[in-house]
Amino acid sequence: MALIETKELTKIYELGWKKRVVGLNRVNLQIEEGEIFGILGPNGSGKTTCLKLLLGVLFPTSGEALIMGKGPLDVEMKKNVGFLPENPYYYDYLTGPELLKFYGRLFDLAPETIRKRTGELLELVGLNDAKRLALRHYSKGMLERIGLAASLINDPKILVLDEPTTGLDPIGCKETRDLLLRLNQEGKTILLSSHFLSEVERVCSRIAIFHRGNLIELGTLKDLLVQYEASTLEDLFVKSIEKFDQQHPA
Amino acid sequence: MKKNWVNLFVALLLFIPLRFLQVSIDYSRKLEDLETGLLLLPGQAAGSLVLSGFKGLAADLLWLNVEEYWHSGQHYKMLPLLEAVAWLQPTYVTVWAVGGWHMAYNIYVQVGQDESKISEAFQKQQETWSAGDRAKYEVLVEAVRENKAILQQLDKKGKTDELVKDYLSRLEKYQARIAALEEKEADKKLVETVKTLLEIPRNKIFWYRQGVQFLKKGITYNPDKYDLYFELGWTYYHKGMDYPNAVKYLEKAIKHPHPDYVDDVLAHAYEKNGQIDRAIAQWEYLITRAPSFRSIAERMIHDLKTKGKATP
Amino acid sequence: MKKIWVIAQNTFHESLRKRTLYIVLVFGLVVIGASKFFSFLTAQEELKMIQDVSFSAIEFFGALIAIFGALGAISSEIEKRTIYTLLSKPITRYHFVIGKFVGQILILLVNFLLLCLFFVGLLLFKKSVPNIEIFKALFLIFVELLLISSITLALATFTSDAFNIIFSFFLYIVGHLTSYGRQLIERTENIILKGLGDMLYTIVPNYENFAIRDKVVVGVPVSWQYVGKTVSYGLIYIVIAILIGIYCFQKREV
């Protein structure tokens, strides 16, 4: 059984008088344990929708989304999941440690555990010096990093990251990349969505390409490059989208 | 989430016990007199709708204006405000008490404040009359004299229903005669002056009665408090010298928790009403109730027993 | 249960940064304080004035705090996108709604106590020891505020802020007038109108139930029985509101 899977997952938005927008169209995904899986696609392609459906923030029109075999509303399942949303923006009056403590308590973690992990995580993401600073004084990059720390507070088996490198400078990107690889080596399964092709290239073991709500390609990078006779991921990306558009005119 | 509909179902179901509870509350509100009635005149209904949450506050603000008018001597302007405040908070005893006082005492005095000025002017006028005038206007002079007598009696003898009937009939008699005089070619201004004078006792009687009525109305809203019974009893006693009524209402006042002076006034009222034995019994009761009254009470009892009269 | 408390604490903490609440609180205190300046009235009248003004102020400004507090509770999470992170945590949606409400209770409690303390302080300053009736009236006002808050919160789970604020105020005014409405309806002959009126009377929260200050201010006691009934009414209605809020929020997509 795949760790994360979607079965014919569909989301249709009804926008008033007979106007329907297809957010996601019958997407089938299987993500195995231990993978770093990347979802790519242009804006509006359904990446975030897919993630939201997995986390129970949105409800599917049809189909299923499962994590560890459980539906998105399963509370026990969520104890094993860490989530970093796109453009994280937190309770700006809290400090970094306070934020981690808040989330930690929602996981029913013991206070000592929270304290220990907070220390470790702040060290990990390099925010130890900013311990006393309120989040509203954080730069965008700092917010990403504290967000990452927050997603790890419960030491989850599964990490879901929505555009984790937005707003990071090249050094930050590299650090995040290294961190993700390390976490993966420790046994975590990572699902991330991004439109930074270069990052995805260097980190993901398998990728999925989304376009206009459809999953148009799925596989390892190597296989897909061969399949499309593309030399870079960017090439592959453009070609696969063109092919889909030809076959399915709007 | 599967059982989410249960939430909605239970919520809607809970409206049923809520309804029953509301009915019970409505009943309690009536019983404990928390309810205020609704006036269906559109203007008043609208007014009351707007004020509903802040009736007390509105009443207080209007009350401030009442005080304002009182201190600046504009007594008539107080009246509609008093009515309004009493309507907003009928259980606020002070409004009724003060309103009744303003009517029976202050306005009572105010309607007669020009009396001496006018009658003096009239006196002066008389000195200019010829013999013929004197004969023609004799009825006017009599009327003015009788008027003065009535005014005195109002203050000194009192305003029981019987006395008032007497005053009014005497006034009417003169008014009829003056009317007859007017038809002939008489000095209009002079007649008007006298007519004005004759109105004064009427007005006084009117305002005294208004005060009594106002207090009675207040009693209907506050039947379980001594305050307005006492106010009315006192008004009858002191202003109206209407001792039967005074006793009647003071006796009602003592049926509710009340301060000692109520018993004191009742004792005096009994005496003035000719119920000497009752008066003595009342003084004796007062000694047991309020030892501070002992010396006064003992003197009263002594005087009543020996002279049959104690109150000056 | 602990999770509810964690969310409640967070909500309360957040409210400390909401400027509107401070403004309303200060206004309330100022109005109560202003009532002291009617010293040209007789002592008894002045006391009544202070009580009338204070009760009205506590109720009105308390209602504002209840509405403004609950208003932003959910919409701020959505606007700030913090709700995504929150919902990805092992909490249910009802944890969220109830936690938010408990947060409201904390907010109201603190503000209400401040207003009351000021009021009682003023009374003591005027050498009038407040009797139990005054506390009964205050207690009922507090339950009323909780009710207002729960309704605004329930509305916040499925309406926009703009609609919510208007409707909540509207309900506040109408809720004070329901008993008048009922008396009017009682006098009609039309059965349909009567039925409709009856239904509306049941559904619309009757805030007048909590208004015993008219009697208290003139010194007449109100029975504990009445207090008990009214508190029960408030509690039942609060449960209704929260359940509806939970129902709506569980269906809500963000």
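Key figures for this structure:
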{"quantity": "Efficiency of FRET between A:Leu73 and A:Glu123 - r from beta-carbon atoms, R0 45 angstrom, step 0.05", "calculated": "0.85"}
{"quantity": "Cα-based shape type of region B:223-312, given that a ≥ b ≥ c are square roots of the gyration tensor eigenvalues and the cut on a/c is 1.5", "calculated": "oblate"}
{"quantity": "Likely footprinting exposure, C:Met1, C:Met49, fewest C-beta neighbours within 10 Å first", "calculated": "C:Met1, C:Met49"}
{"quantity": "Sparse-neighbour loop sites [GluC sites (Glu not before Pro); region A:51-145; at most 15 other C-beta within 10 Å; DSSP]", "calculated": "none"}
{"quantity": "Segment B:Gln153-B:His238, length gained on full extension (0.36 nm per residue, minus Cα span)", "calculated": "29.2 nm"}
{"quantity": "Beta bridge orientation in the protein assembly as shown: antiparallel %, DSSP, nearest 5", "calculated": "55 percent"}
{"quantity": "Inter-label distance, nm, simple model (7 Å from Cα along the C-beta direction), B:Arg209/C:Val174", "calculated": "4.9 nm"}
{"quantity": "For region B:223-312: relative contact order, % (alpha-carbon pairs under 8 angstrom, 6 or more apart)", "calculated": "21 percent"}
{"quantity": "Pairs from B:Lys156/B:Lys309; B:Lys117/B:Lys173; A:Lys52/B:Lys2; B:Lys136/B:Lys195 whose Cα-Cα separation, in the structure shown, is over 28 Å", "calculated": "none"}
{"quantity": "Nearest-0.05 FRET efficiency for B:Lys248 and C:Arg187, computed from C-beta distance (R0 35 Å)", "calculated": "0.40"}
{"quantity": "Fewest-first sequence of A:Cys204, C:Cys248 by Cβ atoms within 10 Å of each Cβ", "calculated": "C:Cys248, A:Cys204"}
{"quantity": "Separation of alpha-carbon centers, region C:90-125 and region A:19-74, rounded to whole Å", "calculated": "40 Å"}
{"quantity": "Sites B:Ala131 and B:Lys216, calculated FRET efficiency, Cβ-Cβ separation with R0 51 Å, nearest 0.05", "calculated": "0.45"}
{"quantity": "Inter-chain Cβ neighbour average for residues C:211-222, partner chain, 10 Å", "calculated": "5"}
{"quantity": "Contour excess over end-to-end distance, with Cα ends at C:Phe27 and C:Val231 and 0.36 nm allotted per residue", "calculated": "70.7 nm"}
{"quantity": "Cα-based radius of gyration of the protein assembly as shown once divided by 2.2 N^0.38 Å, which approximates compact folds", "calculated": "1.47"}
{"quantity": "10 Å Cβ neighbours from other chains, averaged over peptide C:71-81", "calculated": "1"}
{"quantity": "GluC sites (Glu not before Pro) restricted to region A:198-249 and DSSP loop, no more than 13 other C-beta within 10 Å", "calculated": "A:Glu229"}
{"quantity": "Projected label distance in nm at B:Lys173 and B:Arg19, using a 7 Å step from Cα toward the beta-carbon", "calculated": "7.2 nm"}
{"quantity": "Sparsely packed chymotrypsin sites (Phe, Trp or Tyr not before Pro) within region C:1-62, loop by DSSP, other Cβ within 10 Å at most 14", "calculated": "C:Phe40"}
{"quantity": "Lysines whose Cα lies under 16 Å from that of C:Lys215, excluding same-chain neighbours fewer than 8 positions away", "calculated": "B:Lys30, B:Lys55, B:Lys225, C:Lys48, C:Lys136"}
{"quantity": "Helix-only CD estimate at 222 nm, as mean residue ellipticity for chain B, using -39500 (n - 2.57) per DSSP H run (n ≥ 4)", "calculated": "-24000 deg cm²/dmol"}
{"quantity": "Spin-label model distance (nm) - B:Gln113 vs A:Ser198, 7 Å beyond Cα toward Cβ", "calculated": "9.7 nm"}
{"quantity": "Ranked list, fewest to most other Cβ atoms within 10 Å of each Cβ, for A:His195, A:His248", "calculated": "A:His248, A:His195"}
{"quantity": "Beta bridge orientation in chain A: antiparallel %, DSSP, nearest 5", "calculated": "55 percent"}
{"quantity": "Modelled label reach - B:Phe9, point 7 Å along Cα→Cβ, region C:83-125 residues with backbone N closer than 12 Å", "calculated": "none"}
{"quantity": "Inter-centroid distance (Cα atoms) of region B:205-233 relative to region B:154-175, Å", "calculated": "22 Å"}
{"quantity": "Eligible lysines near A:Lys18 by straight Cα distance, threshold 23 Å, same-chain separation 8 or greater", "calculated": "C:Lys251"}
{"quantity": "Three-way shape label, chain C, alpha-carbon gyration tensor, a/c 1.5", "calculated": "oblate"}
{"quantity": "Anchor A:Lys116: aspartates and glutamates whose Cα lies under 18 Å away (excluding residues fewer than 8 positions away in-chain)", "calculated": "A:Glu98, A:Asp108, A:Asp129, A:Asp155"}
{"quantity": "Value of [θ]222 nm, deg cm²/dmol, for chain C, DSSP H segments ≥ 4, -39500 (n - 2.57) each, nearest 500", "calculated": "-27500 deg cm²/dmol"}
{"quantity": "Shape category assigned to region B:115-204 from the gyration tensor of Cα positions, a/c cut at 1.5", "calculated": "prolate"}
{"quantity": "Sequence ranges B:216-225, A:179-188, B:80-89, C:94-103, ranked by mean other-Cβ count within 10 angstrom, highest first", "calculated": "C:94-103, B:80-89, B:216-225, A:179-188"}
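The numbers here are math on the coordinates, done by the rules we state, and not lab data. Model, not experiment: these values are computed from the prediction. Here Cβ is always computed from backbone atoms with ideal geometry, including for glycine, and neighbour counts include all displayed protein chains.
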